[in-house]
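Taking it in order: structure first as structure tokens, then the write-up.
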Amino acid sequence: MIGSLLYKTYLNIVSLSVLLFSNYVGNSVSFSPLSMQNVGDNIVCSAHLLNAFENDFEEIFKSGKEIRVWFEFKALNNSKIIHFEKFYHAFKWDVNSRVYYVELQEQSFTTTAKTTEELVYLLSVVEFPFYRAKHRGNISIELTAYLPKIYMDEINKEFDLMLLWNLKKPSVKKEINII
Amino acid sequence: MKKIKFSMRVFVICLFILLYVSSMLIQNQFINKMQKEQDKILSNMAINTETISIKLASEEEQEILNKMSNKINQSLAGLKMIQNETKIYSSLILLFLMVVSMIVFIFIFYIITKPIKELQFATEKIKKGDFNIFLPPRGMTEIKSLILSFNDMSRELETVQQKLLVAQKEMIWKDLARILTHEIKNPLTPIQLTLQRLEEKHESDPEKFEEIFYESLEIIYQEVANLQNLVQSFSTFAKDVPANPSLFDPEYAVLEIIKPYQNDYHIELDLIKDKRIRFDHTHFYQIMTNIIQNAIESSDEMGRIWVSLKQSHSFLVLSIRDEGKGIAHKDLSRIFEPYFTKKTKGTGLGLALVKRLCDANHTGIRVKSQIGRGTEFEIILEEAIENIDH
């Protein structure tokens with residue numbers, strides 16, 4: 001609780017300092033509203049990451065490193081976590097074939113993207129099933145995304161990619177009632 | 001609208017913050033401009049990625065080129081990230097430094113100006129007559145020396161004030177003794193002379209003695225009465241004069257007071273009718289008679305006196321004006337002081353009593369005078385809106 005409050009304060013200070021003393025824009029990332037669909041015993045939740053890769057990602061995309069966009073899915077019943085899942089969307093630029101290799105972990109799906117636009121679309125769309133038969137009542141669903149730290153071995157340095165998202169983890173919430 | 005006043009402290013702090021932030025912003029503007037130039041150069045380097053599309057004859061050469069391209073791309077990504085980190089963290093450091101330097105500045109400024117603020121408060125106290133002040137010498141050398149000088153000055157002022165008080169008391173006693181001596185001597189001399197005359201006639205001319213006896217008694221009674229009046233006026237002045245206000249028409253009160261004087265003196269009246277005041281009736285009588293008496297004494301036989309009662313906003317102004325000798329400008333501020341008089345016959349208590357009675361009734365009194373042209377006293381009476389007490 002205190003940690004989260006301190007982190008929020010830190011984020012606000014960073015935002016203020018950037019606003020006052022920098023021309024840095026970064027990406028103001030957010031999620032589209034969570035949409036739910038009943039498919040058999042599952043509820044399929046889907047959302048889009050918006051404005052996540054607009055600025056300053058070009059060089060990162062082409063870095064040739066495998067980069068993972070992490071997602072955390074949480075279902076809460078009366079503030080108690082009843083379901084937690086963590087998955088990633090990974091990509092890597094292959095300089096030889098000049099395509100991006102993309103892996104969408106939650107869908108156990110691997111593909112390639114030829115263009116950056118295609119890659120951004122694949123990375124941004126999140127779709128995952130939530131087994132509803134086990135749960136009843138009011139459930140709060142929360143989806144959060146974040147970027148990892150990457151180590152650039154060619155220049156021997158680690159970078160926190162969250163800087164590109166202005167250190168803010170986008171998140172979306174929805175309340176559902178399972179009868 | 002009330003004008004907002006900024007203290008010196010607030011002004012200096014605001015000025016510092018303004019200048020500091022402006023200089024930071026100007027510096028930052030420059031850094032941003034340079035970073036934009038850097039961005040342009042970096043984007044030009046991205047052309048490297050195009051080189052990988054060149055197909056070379058050998059696979060080995062292609063592999064080498066791919067590795068090179070990967071290295072360049074990673075370096076470019078790293079450079080971009082470093083640039084972004086610089087933008088974010090430099091602004092954060094700048095903000096941190098700005099806040100810290102402002103806090104340090106305000107703290108130091110507060111320490112420097114605190115003694116000045118204390119000096120200001122101390123000066124205010126001195127202004128109100130409290131000279132018993134000692135400020136602990138602190139702060140920078142110049143301020144310390146200023147505080148020491150201030151302490152010396154307040155000590156000096158306190159000593160001077162005490163000396164003045166003693167001198168003033170002595171002067172009052174001397175004045176009182178002089179007045180009492182003079183006033184007691186005045187009736188005593190005629191009494192003594194009358195008694196001597198009676199004694200002389202009693203021995204030398206008994207027939208004449210019979211003749212002057214009652215006349216002499218009359219003189220002695222008169223002088224004894226004068227002595228009694230003198231004692232009475234001192235006694236009245238020494239007493240507390242609590243006001244016992246009642247509601248009355250000031251026009252009638254003035255007419256009653258003036259009536260005995262009107263036969264012998266030329267008094268012109270201009271009195272507003274049907275007004276009410278809440279005032280101690282006896283005090284009103286004493287105030288009026290004292291001022292009228294003064295006006296008569298300072299005027300010659302043909303001199304006229306004007307008594308007027310006029311409305312001025314929610315107040316009634318009672319004015320008594322004479323064409324007498326007038327009061328010198330330097331004496332005007334002293335006329336209400338006890339024992340201050342310029343008359344050969346007078347205790348100097350009349351106007352002092354008038355002032356005390358006015359104060360007791362929460363009423364203002366003012367005086368205008370010009371040598372050779374006369375004096376005017378104005379009493380500012382608050383008009384009452386109630387009905388007259390029955």
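Each value in this text was obtained by applying a stated rule to the coordinates, not by laboratory testing. No experiment lies behind these values; they were computed from the predicted model shown. Here the Cβ is made from the backbone with ideal geometry for all residues, glycine too, and neighbour counts use every protein chain on show.
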- Among all the lysines, which ones have a C-alpha under 16 Å from residue B:127's C-alpha, if same-chain residues fewer than 8 places away are not counted? B:117
- Message: What three numbers, in Å, describe the spread of the alpha carbons of segment B:219-346 along their principal axes, ordered from the longest?
- Response: 46, 36, 34
- Taking the Cα atoms only, what angle lies between the long axis of helix A:2-21 and the longest principal axis of chain A, rounded to 10 degrees? 40
- Message: Whole percent per 10 Å bin, from 0 to the bin with the longest distance: what is P(r) over all C-alpha pairs of segment B:86-135?
- Response: 23, 26, 19, 15, 11, 6, 1
- Message: Give me a comma-separated list of calculated 3J(HN,Hα) values for segment A:36-45, in order, Karplus coefficients 6.51, -1.76, 1.60 applied at θ = phi - 60°, integers in Hz, x for any Gly or Pro.
- Response: 10, 9, 7, 10, x, 7, 10, 10, 8, 9
- Note on the structure: Taking the alpha-carbon centre of each part, the distance from segment A:69-120 to segment A:36-57 in Å is 10
- For segment B:154-198 and segment B:73-101, write down the distance between their C-alpha centroids in whole Å. 89
- Task: Run the quick spin-label model on residue B:40 and residue B:14: label points 7 Å from Cα toward the beta carbon, then report their separation in nm to one decimal.
- Result: 4.1
- For segment B:151-239: lysine pairs with Cα atoms under 23 Å, gap of 8 or more or different chains, count? 4
- If one compares the long axis through the Cα atoms of helix B:141-204 with the longest principal axis of the Cα atoms of chain B, the angle in degrees, nearest 10, works out at 10
- Sorted largest first, extent of segment A:50-95 alpha carbons per principal axis (Å): 48, 20, 9
- Note on the structure: Rounded to whole angstrom, the alpha-carbon centroid of segment A:1-20 lies from that of segment B:259-281 at a distance of 82
- Message: Net charge around residue A:99, counting only other residues with Cβ within less than 10 Å of its Cβ (Lys, Arg = +1; Asp, Glu = -1)?
- Response: +1
- Query: Over the alpha carbons of segment B:151-239, what is the largest minus smallest coordinate on each principal axis, giving the biggest first in Å?
  - Reply: 81, 27, 9
- Hey, could you pull the Cα Rg and Dmax for the protein assembly as shown, both in Å? 51.1, 173
- Task: Can you give me the P(r) profile for chain B? Cα pairs, bins 20 angstrom wide beginning at 0, each as a whole percent.
- Result: 16, 26, 21, 13, 10, 8, 4, 1, 0
- Query: What do the square roots of 5 times the Cα gyration tensor eigenvalues come to for chain A, in whole Å, largest first, as semi-axes of the equivalent ellipsoid?
  - Reply: 30, 23, 13
- Task: Among the listed pairs A:62/B:71; A:8/B:36; A:157/B:87; A:114/B:36; A:86/B:71, give every one whose C-alpha distance is greater than 21 Å.
- Result: A:8/B:36; A:114/B:36; A:86/B:71
- Note on the structure: Result: in segment B:246-382 the number of Lys pairs with C-alpha under 21 Å apart, spaced 8 or more or on different chains, is 22
- Provide Rg over Rh for segment A:98-141; use the alpha carbon set for both Rg and the Kirkwood Rh (inverse mean inverse pair distance). 1.20
- Mind checking the alpha-carbon convex hull of segment A:1-102 and giving the volume per residue in Å³? 163
- Calculated from DSSP helices alone, with each H run of at least 4 adding -39500 (n - 2.57) and the total divided by the residues of chain B, [θ]222 nm to the nearest 500 comes to -23500 deg cm²/dmol
- Task: Run through the DSSP bridge list for the protein assembly as shown and note the antiparallel percent, rounded to the nearest 5.
- Result: 95
- Query: Using alpha carbons only, how many degrees (0 to 90, rounded to 10) separate the axis of helix B:206-238 from the longest principal axis of chain B?
  - Reply: 20
- Query: For segment B:250-267, in order, what is each residue's ³J(HN,Hα) by Karplus, 6.51 cos²θ - 1.76 cosθ + 1.60 with θ = phi - 60°, in whole Hz (x at glycine and Pro)?
  - Reply: x, 4, 5, 4, 5, 4, 4, 5, 6, 3, x, 8, 5, 5, 9, 10, 8, 10
